[in-house]
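Let me begin by presenting the structure, written as structure tokens, before commenting on it.
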Ligand code: ARG
């Protein structure tokens, strides 16, 4: 369906044209003085110079052209066209115009959201956890934002692949291997002469693994010999030494099984579980090509690509492809991953979601990829850098002891807070209360994050996030639950009809009309959220929609309405509002409980 505002602008553009002015001046926007009018057009001011005419006169001509439309019956779109000095056109919409737009939306599975002519192939690289290290809150934002960006793009009709891009190939693997060898030297993995099969069972649990990594990491910082051994084990692993590779596979398997469970709890899922290691075989050929074409050259023993541009306002250092000892780096695996993704999936876009402190890294990688011809010019490489999640003190979120907080702990805290609230509702029995708390807590957590523009830092405020009032996830869910409850009570009434088959009528008052105009803005909002990879726009939209619905709800006795046609129209409107909200929270990656 054509966007609501575009339809309105078209009506205005045709009036500018009919009055002898450029139709491009007829752009209509939502009013910034809602006390005066619903929409406005400032085109007369813009045209004054060109037509050497007072804006007030131009606006008057346009208003006249609108009044003369339809053989003098006037515009089918505007109920009010007011010319205000110096030359504003203040506009209100005809009830029937709004009503018919909503009725069309109601009849469409996609709520008026058109499908693209040709879907784009999009890869979203998000999550990015590191094997053998526990997930911490820093990984939360990538997962939550990435999942929403993925779902928005999917709803938009694109072909989207989500790839977790595991950190599974760096020094942390060498450290874990080194420490395992100290603790269990007799394992067959460490015996180079061993040729038999390795045990199916991993020689450690995930908790042991998580204890080992920080232990080994701390030790390597104090003990140079230990560090050297870890470096050596990393190299031997990357060179494919049979035992170490088999042990590495065990580490990955145990770690990934645990991650899957964690991401499931976050309602986050990936199509690909590739990692840095998966592209290891791609590196030698890629490096060869870069050397042969001359884009990469040796500098102080390392292999680098110049990526600076004259237009740069600050210096962008060369992109290092291989270290002087020949080892690959984070950049190397990212370049190789681009090569592999282009060859396998021919993406139109690759979108990366990481902490914004990685911005320089991605600038270097994207430029090096373009310069060395790893990506066709038509492929867009996009980095969405997010800000830090801070505690109430404004500093990066920490545990009470000052350490990095594990994601599991954070989730458990917010679950507990939610449970204490939901348990106060005597109608909800224990088991349901627990499941509901988890569901609402997830919405609290995700909405608390997503409602901020991604690039900004935000404060993790558990009291605010879990509140049932204000700009929060629980408030949105509460609104949806309220709608569903009305629909259920309606269904139980004598003579109730299927709400999907009912017609949305003309708005009975201004409050209802406002709600209807919000709903009509759905497809434009979604388009914008997709174009800018901006889930916060969906949040801002549903907050407004929920507020306007609740105002309508408090002003209207829906279920006791005596006029059946009026009641049915309200039920149809409520049902449509519920569909729009449900669609929106689905793209944000959470859902509503039956009651709360
Ligand atoms: N593992 C990385 C980290 O923890 C994030 C990976 C992001 N994706 C990428 N293609 N570099 O910082």
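Output the residue which, of all residues in region 335-379 that are without any contact (Cβ under 8 Å) to a residue 40 or more places away in the chain and within 10 Å of the ligand (Cβ to nearest atom), is farthest from residue 295 (Cα to Cα). The residue in question is 357.
Take the residues of region 2-30 that are within 33 Å of the chain's Cα centre (by Cα) and surrounded by fewer than 17 Cβ atoms within 10 Å (Cβ to Cβ): which is nearest to residue 69 (Cα to Cα)?
10
Among residues belonging to region 32-41 that are surrounded by fewer than 17 Cβ atoms within 10 Å (Cβ to Cβ) and in contact with a strand residue (DSSP E or B) (Cβ under 8 Å, 6 or more places away or on another chain), point out the one that is farthest from residue 527 (Cα to Cα). It would help to see each step written out before you state the result.
If we filter region 32-41 for residues that are surrounded by fewer than 17 Cβ atoms within 10 Å (Cβ to Cβ), which is where we start, we get 32-36.
Okay, now just the ones that are also in contact with a strand residue (DSSP E or B) (Cβ under 8 Å, 6 or more places away or on another chain), so 32-33, 36.
Numbers: 32: 22, 33: 25, 36: 28 Å.
The qualifying residue farthest from residue 527 (Cα to Cα) is 36.
Selection over region 153-177 of residues that are more than 14 Å from the ligand (Cβ to nearest atom) and surrounded by 23 or more Cβ atoms within 10 Å (Cβ to Cβ) gives a count of 6. Between a first residue in region 585-596 that is modelled with pLDDT of 95 or more and a second residue that is part of a loop (DSSP other than H, G, I, E, B) and surrounded by fewer than 21 Cβ atoms within 10 Å (Cβ to Cβ), which pairs have beta carbons less than 8 Å apart while being 6 or more apart in sequence or on different chains? Filtered contacts from region 585-596: 585/591; 589/267; 590/267; 591/267.
Listed residues 228, 246; which is closer than 16 Å to residue 280 by Cβ and either surrounded by fewer than 20 Cβ atoms within 10 Å (Cβ to Cβ) or without any contact (Cβ under 8 Å) to a residue 24 or more places away in the chain (or both)?
On the way: 228 fails: closer than 16 Å to residue 280 by Cβ.
Residue meeting the stated conditions: 246.
Being touching a residue at least 60 places away in the same chain (Cβ under 8 Å), within 30 Å of residue 380 (Cβ to Cβ) and in contact with a strand residue (DSSP E or B) (Cβ under 7 Å, 6 or more places away or on another chain) is a property that residue 452 has.
Looking only at region 40-62, residues that are in contact with a helix residue (DSSP H, G or I) (Cβ under 6 Å, 6 or more places away or on another chain) and either touching a residue at least 24 places away in the same chain (Cβ under 8 Å) or in a loop (DSSP other than H, G, I, E, B) (or both) come to 10 in all. The C-beta contact set for region 274-287 (first residue within 21 Å of residue 260 (Cα to Cα), second residue assigned to a helix (DSSP H, G or I) and within 12 Å of the ligand (Cβ to nearest atom), distance under 7 angstrom, 6+ apart or interchain) comprises 276/333. Only one of the numbered conditions (1) under 25 Å from the mean Cα position of the chain (by Cα); (2) over 21 Å from residue 146 (Cβ atoms); (3) outside any helix (DSSP H, G or I) is violated by residue 364, and that is (3).
Pick from region 102-136 the residues that are on the phi > 0 side of the Ramachandran plot and within 16 Å of the ligand (Cβ to nearest atom): which of them is surrounded by the fewest Cβ atoms within 10 Å (Cβ to Cβ)? Walk me through how you get there before you give the answer.
Initial filter on region 102-136 (on the phi > 0 side of the Ramachandran plot): 111-112, 127-128, 132.
Imposing the further condition that a residue be within 16 Å of the ligand (Cβ to nearest atom) reduces the set to 127-128, 132.
Details: 127: 26, 128: 22, 132: 25.
Among those that are on the phi > 0 side of the Ramachandran plot and within 16 Å of the ligand (Cβ to nearest atom), it is 128.
The values are calculated or read from the model by the stated rules, or taken from the named source; none is laboratory data. Every value quoted in this text rests on a predicted model; they were computed, and no experiment measured them. Backbone-built Cβ (ideal geometry, glycine too); neighbour counts: all protein chains shown.
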